[in-house]
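The values are calculated or read from the model by the stated rules, or taken from the named source; none is laboratory data. Small disclaimer: the values here were computed from a predicted structure and weren't measured. All Cβ positions, glycine included, derive from the backbone under ideal geometry; neighbour counts span all protein chains shown. Heads up: the accessible areas ignore ligands, DNA and RNA and are worked out on the full protein's heavy atoms, side chains in. Shrake-Rupley method; radii C 1.70, N 1.55, O 1.52, S 1.80 Å.
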Amino acid sequence: MRYNFNDIEKKWQKEWAKRGTFKASNSSDKPKYYVLDMFPYPSGAGLHVGHPLGYIASDIYARYKRHKGFNVLHPMGYDSFGLPAEQYAIQTGQHPAVTTEENIKTYRRQLDQIGFSFDWSREVRTSDPKYYKWTQWIFIQLFESWYNKDTDKAEAIETLIEKFETDGNTSVNAACDDDVVAFSAEEWTAFSSEQQQETLLKYRLTYLAETEVNWCPALGTVLANDEIVNGVSERGGHPVIRKKMTQWSMRISAYAERLLQGLDTIDWTDSLKESQRNWIGKSVGAAVSFNVKDHDATIEVFTTRPDTIFGVSFMTLAPEHELVSKITTEAQKAEVEAYVEATAKRSERDRMADVKTISGVFTGAYAEHPFTKEPIPIWIGDYVLASYGTGAVMAVPCGDQRDYDFAKHFNIPIPNIFDGLDISEEAFTSKENVKIGNSDFLNGLNFKKATKRVIYELEQLGQGEGKTNYRLRDAVFSRQRYWGEPFPVYYVNGMPQMIDEKHLPLTLPEVEKYLPTEEGEPPLGRAEVWAWDTQKNKVVSSSAVDNETIFPLELNTMPGWAGSSWYFFRYMEDAKRDETFASEEALKYWENVDLYIGGSEHATGHLLYARFWVKFLYDRGFVSIDEPFKKLINQGMILGTSAFVYKITRLHFSKDENDEFEFSMNFFSLNKKINHFISAGIEYNQKNLKELFIKSRPKTEKALELYERVKSDLDKYSIKAAIIPIHADVSMVNSSDELNIEDFKNWRIEFKDSIFITEEDGTFKVKRDVEKMSKSKYNVVNPDDIVADYGADSLRLYEMFLGPLEQYKPWNTAGITGVHSFLKKLWKLYNDDNGSKVTDNEPTKDNLKTLHKTIKKVEEDIENFSFNTSVSTFMIAVNELTAQKCSSRAILEPLLILISPYAPHIAEELWEQLGHTQSIATAPFPKFEEKYVIESTKNYPISFNGKMRFTLELPLDMSKEDIEKTVLAYEKTQEQLQGRTPKKVIVVPGKIVNIVG
RNA sequence: GCUGAAGUGGUGGAAUUGGUAGACACGUUGGACUUAAAAUCCAAUGGCCAUUAUGGCCGUGCGGGUUCAAGUCCCGCCUUCAGUACCA
């Protein structure tokens, strides 16, 4: 019987679906375990072999947990809103819903053939109205909430209104906008409805605010930093400017401290926690206000070094700072305006990354030092970012390197306020070993004491206070796109109103084009039916807007991270999805995700937003946990191995210093279009290049002259070829890096008549290089092909075998034969030409030893997510058992269970052959027994001065003293010592012997 | 720039607490089987030197250090990759 993987795999995939083998139950006696993958965006290109890496790992773990007796929830779905579908819609006019549906079908087919144990009955799609109904619902809850800093949690907005009605806002300790003004209860009641709404908006957890965005006027849209290259749009190369825009924001900053503290309670890698900590960016310091001379204005700054306040010699504002236009003097106006304009063209990332070029402009205005009352010049500089802190810094050049560089560059004084420290070369930035000097009442104090004192003095003056600042900014939640969740919002007199939840979902309207409108409104501005009728409670024609009962709807849509911030709860619910986002029973039963696997690129986006929403839902009592992902593992990326063919562009000839020249390849051929390619590795081969030269025919008289001259004296010249590498599709290259020349010629019309300089044996080699797998690099490997040629089990094993899960590693299809032949060997252990050869024979000692050391190793590996090493372990086990001619059921049956999480199809098939009628999926994991692997002797490495010279087999229970005696008496030891007496002998029982001397 | 991660044979990688560096594979070379190819099986395979089996020296990005012993720990560098707030 042969190992017919294609039939076996199809058979079991069908069988699992039919039997509902992997359906999770919401009530079970077994302990629960929730294994989740970050759900994919279904792109038009389908899956390549890099995508399933994490899914295979999580599937192995899920299957392992089933063997270990857990009720496992292992679902999958699609993050199906997103830009690519919209781009495609803009280009082709096809509705994103249609292309998304097609893409999902492809994904599903591809996922199915890899044999994942997903419970597909719980699938979610973020673009499904039944799903985004609840995304909209959560948005409404956020709108109807505020953050009470006293209770340190989100509360219903009604409790805030109550406070306003009884006390005004003076006693309210809330996370809110900076610009709230104090009002009394009476004032509150006297406010108009609009005033009240406007005030509440400053407190709500989602609110409208002016935010800076990258605006591209030509495209009429906002761009991600990513879509901007060198200050212009990636598509089309249009100019991009920073522009303020009213958008929905999420008050994630209210949760900064809890998001930080929560990290201590979850099992994530340190590097990932570190990224989040850094992103949240907590810093403790002081807020200080500086009065501006001759203006009724103050500049608010945050500083982590209030102790250095006497070292301030200038202030720097972000060019976008609102005070800039107010305080700039007539004389400086032109220069300042030019600088502001220039800055608007630079991206934030650009400004942050570029520390070498120092730029800035003096505004002509002065601030007043809070203590000395001395004037301080106010500058603007693009190293200060508007969105960071208050958008202004008090510059202390002696204590901050950027300030120092700025001061040096513009010849601003650098007062030294550190006792006994030299600052003539660079700033002293450490907080350690500081003694403040030259600073009035701070003289002689260290960092800690000076900070405390200065904050006290600032408070006395009413010009500052101690403050903790977070780098984390509120998250912009509006997108000027079509393919996203519509906001359940309409506007009455410019004030946002929520649509009642019983009328949800508010579904996306039809539009004739997916582009922004001519007026620069988002695509929803094109919808003809997009107004809210408050009487009929439904969407009606936009032309019907009368601002009395029919109002305009919000035109922005939600960002990609909206739907992905709560989808893990949706999977928990199976039956009551229409009534609730997830029922209380389901939420209670599954709690949170036990294991989450996904890419590290989500470290600060998705993973932070999801934690924020979960904490919010927890505060409001909708869920019972406040951290969604207990354990998290980042899988690395599988990279492509690109193939390059070398194209010769020029030949460079040299004889001596005075005789050097080049031929362009265009010189030679009669037809310009002929390309010359040279096999990789022989590009400097003189013989080949000279042959090429001789065979060529120059086109012009002048070239012919030169040609003849060189040809007659060719031996004396040395030739170098100038080459450019060109991507060739990896499917045209075999495992020995040889190019299929015919395929390559037919690939593109311009290669048709190319000339190929091959190796001696007629082959043409490509140069390999590792790059990201992508269509444009022609290095994409489709899992469909791998499954067809080698089977899903081989693909699964190979993806794991490639290396550690977290690591980035290149794909190389050639290597898959190794794991494939392993599966064939495994098959042969159970079958020969006449069918099954498994017997009921008693296992030998060796058989048991092999099995049990395999159980131990594999179990440890799975627990440590070291899947690559367990594949090696299986190979070793099968090699050993084959050599032992093992046919014993007592060995081969448990072996199948060990392998089944990795290669489930072949395991099920062999399991069935052994007479089982139940799936292997829930067979109990074999138990490791120490007694089968205990050794009585150890082959000790004997080292001399740390270098291993030979090994010596000794009993493991031999005492240290006896080992030393035996080793020293051994003849090879004496040979090594050559009469010397060892200074020292180190014996580590069970490990090593090292002789020093 | 900032933050995070990674550098070990021709290639992917192994060495889990400092204790035999290169497990397991790929590739390559040689051999068996075959009319031939594929498949399968066997052997060799870090580099250099020497050779009669035996051996010797070097070797985990670079430079130092700690230790009886360093891929592993410490200090200082170099290189590559990722994230950097509207790609998902």
Open item on the list: I want to confirm something. Restricting to the range A:778-794 and keeping residues that are under 27 Å from the mean Cα position of the chain (by Cα) and of a type in the set (S, T, N, Q), which single residue is nearest to A:LEU53 (Cα to Cα)?
Closed with: A:ASN782
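So if I check each of A:LYS938, A:LYS856, which one is part of a helix (DSSP H, G or I), open to solvent by 10 Å² or more (accessible area, probe 1.4 Å) and within 16 Å of RNA strand B (Cβ to nearest atom)? Let's see the steps before the verdict.
Values: A:LYS938 fails: part of a helix (DSSP H, G or I).
Selected residue: A:LYS856, the only one of A:LYS938, A:LYS856 that is part of a helix (DSSP H, G or I), open to solvent by 10 Å² or more (accessible area, probe 1.4 Å) and within 16 Å of RNA strand B (Cβ to nearest atom).
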Open item on the list: Looking at (1) within 14 Å of RNA strand B (Cβ to nearest atom); (2) in contact with an Asp or Glu (Cβ under 8 Å, 6 or more places away or on another chain); (3) charged (D, E, K, R), which one does A:ARG402 not meet, given that it meets all the others?
Closed with: (2)
TODO: Identify the residue in the range A:785-817 that is within 17 Å of A:ASN4 (Cα to Cα) and surrounded by fewer than 17 Cβ atoms within 10 Å (Cβ to Cβ) and, among all such residues, is nearest to RNA strand B (Cβ to nearest atom).
DONE: A:THR817
- [ ] Give the residue that is surrounded by the fewest Cβ atoms within 10 Å (Cβ to Cβ), with candidates limited to residues of the range A:916-935 that are acidic (Asp, Glu) and more than 13 Å from RNA strand B (Cβ to nearest atom).
- [x] A:GLU930
- [ ] Just name the residue that is nearest to the chain's Cα centre (by Cα) out of those in the range A:699-729 that are open to solvent by 50 Å² or more (accessible area, probe 1.4 Å), farther than 30 Å from A:MET773 by Cβ and in contact (Cβ under 8 Å) with a residue 24 or more places away in the chain.
- [x] A:LYS720
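Go through A:THR92, A:THR21 for me and flag whichever is among the hydroxyl-bearing types (Ser, Thr, Tyr) and either in contact with a Pro (Cβ under 8 Å, 6 or more places away or on another chain) or crowded, with 16+ Cβ neighbours inside 10 Å (or both).
Result: A:THR21 is the single residue among A:THR92, A:THR21 that is among the hydroxyl-bearing types (Ser, Thr, Tyr) and either in contact with a Pro (Cβ under 8 Å, 6 or more places away or on another chain) or crowded, with 16+ Cβ neighbours inside 10 Å (or both).
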Open item on the list: Can you say whether A:THR246 is in contact (Cβ under 8 Å) with a residue 12 or more places away in the chain, closer than 24 Å to A:GLU155 by Cα and surrounded by fewer than 13 Cβ atoms within 10 Å (Cβ to Cβ), as far as the supplied structure shows?
Closed with: no
Task: All strands (runs of 3 or more DSSP E) inside the range A:460-567 with 2 or more residues being more than 29 Å from A:THR92 (Cβ to Cβ) and within 16 Å of RNA strand B (Cβ to nearest atom) - done: A:464-470
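Report yes if A:ALA395 is among the hydrophobic types (A, V, I, L, M, F, W, C) and buried (at least 18 other Cβ atoms within 10 Å of the Cβ), otherwise no. Reasoning before the result, please.
Numbers: among the hydrophobic types (A, V, I, L, M, F, W, C): yes; buried (at least 18 other Cβ atoms within 10 Å of the Cβ): yes.
Spelling it out, A:ALA395 is indeed among the hydrophobic types (A, V, I, L, M, F, W, C) and buried (at least 18 other Cβ atoms within 10 Å of the Cβ).
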- [ ] For the range A:587-613, enumerate the residues that are part of a helix (DSSP H, G or I) and out of contact with any helix residue (DSSP H, G or I) (no Cβ under 8 Å at 6 or more places or on another chain).
- [x] A:LYS588, A:TYR589, A:TRP590, A:GLU601, A:HIS602
Open item on the list: Quick check on this structure: which one of A:ASN433, A:ASN438, A:ASN443 is of a type in the set (S, T, N, Q), within 42 Å of the chain's Cα centre (by Cα), farther than 14 Å from A:THR304 by Cα and open to solvent by 20 Å² or more (accessible area, probe 1.4 Å)?
Closed with: A:ASN433
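Condition test on A:LYS502, is it over 30 Å from A:GLU368 (Cβ atoms) and among the basic types (Lys, Arg)?
It is true that A:LYS502 is over 30 Å from A:GLU368 (Cβ atoms) and among the basic types (Lys, Arg).
Residues are listed down the side, and each one gets a yes or a no for (1) modelled with pLDDT of 95 or more; (2) within 39 Å of the chain's Cα centre (by Cα); (3) not assigned by TED's automatic domain parsing to the domain that holds A:GLU806:
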residue: A:THR839; (1), (2), (3): no, no, no
residue: A:THR844; (1), (2), (3): no, no, no
residue: A:ILE862; (1), (2), (3): no, yes, no
residue: A:SER866; (1), (2), (3): no, yes, no
residue: A:LYS885; (1), (2), (3): no, no, no
residue: A:ARG889; (1), (2), (3): no, no, no
residue: A:PRO904; (1), (2), (3): yes, yes, no
residue: A:GLY915; (1), (2), (3): no, no, no
TODO: State which residue is nearest to A:TYR491 (Cα to Cα) when the search covers only the range A:208-240 and only residues that are away from RNA strand B (no atom under 13 Å from the Cβ) and without any contact (Cβ under 8 Å) to a residue 24 or more places away in the chain.
DONE: A:ALA218
- [ ] Look at A:GLU601 and say whether it is free of Cβ contacts under 8 Å to residues at least 12 places away in the same chain, over 21 Å from A:GLN141 (Cα atoms) and not basic (Lys, Arg).
- [x] yes
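Residues that are within 25 Å of A:GLY640 (Cα to Cα) and not aliphatic (A, V, I, L, M): find the strands (runs of 3 or more DSSP E) completely inside the range A:682-772 holding 2 or more of those.
Correct list: A:718-728, A:767-771.
Residue-by-condition table, conditions (1) open to solvent by 10 Å² or more (accessible area, probe 1.4 Å); (2) not acidic (Asp, Glu):
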site	(1), (2)
A:HIS820	yes, yes
A:ASP833	yes, no
A:ASP846	yes, no
A:GLU860	yes, no
A:PRO904	no, yes
Task: the range A:262-300, subset closer than 30 Å to A:PRO377 by Cβ and within 16 Å of RNA strand B (Cβ to nearest atom), residue most open to solvent (accessible area, probe 1.4 Å) - done: A:SER283
Open item on the list: If I ask for residues that are under 21 Å from the mean Cα position of the chain (by Cα) and either within 16 Å of RNA strand B (Cβ to nearest atom) or of a type in the set (Ser, Thr, Tyr) (or both), which ones from the range A:58-92 would you list?
Closed with: A:SER58, A:MET76, A:GLY77, A:TYR78, A:ASP79, A:SER80, A:PHE81, A:GLY82, A:LEU83, A:PRO84, A:ALA85
TODO: Output the qualifying pairs, or none if there are none: Cβ atoms under 6 angstrom, residues six or more apart or on different chains, first residue in the range A:554-569 and touching a residue at least 12 places away in the same chain (Cβ under 8 Å), second residue more than 11 Å from RNA strand B (Cβ to nearest atom) and polar (S, T, N, Q).
DONE: A:ALA562/A:THR135; A:GLY563/A:THR135
Task: Among residues of the range A:360-387, those that are away from RNA strand B (no atom under 15 Å from the Cβ), touching a residue at least 24 places away in the same chain (Cβ under 8 Å) and either open to solvent by 50 Å² or more (accessible area, probe 1.4 Å) or not in a strand (DSSP E or B) (or both), counted - done: 7
Open item on the list: For the condition in contact with a Ser or Thr (Cβ under 9 Å, 6 or more places away or on another chain) and under 24 Å from A:ALA45 (Cα atoms), what is the one hit in A:THR813, A:THR758, A:THR817, A:THR763?
Closed with: A:THR813
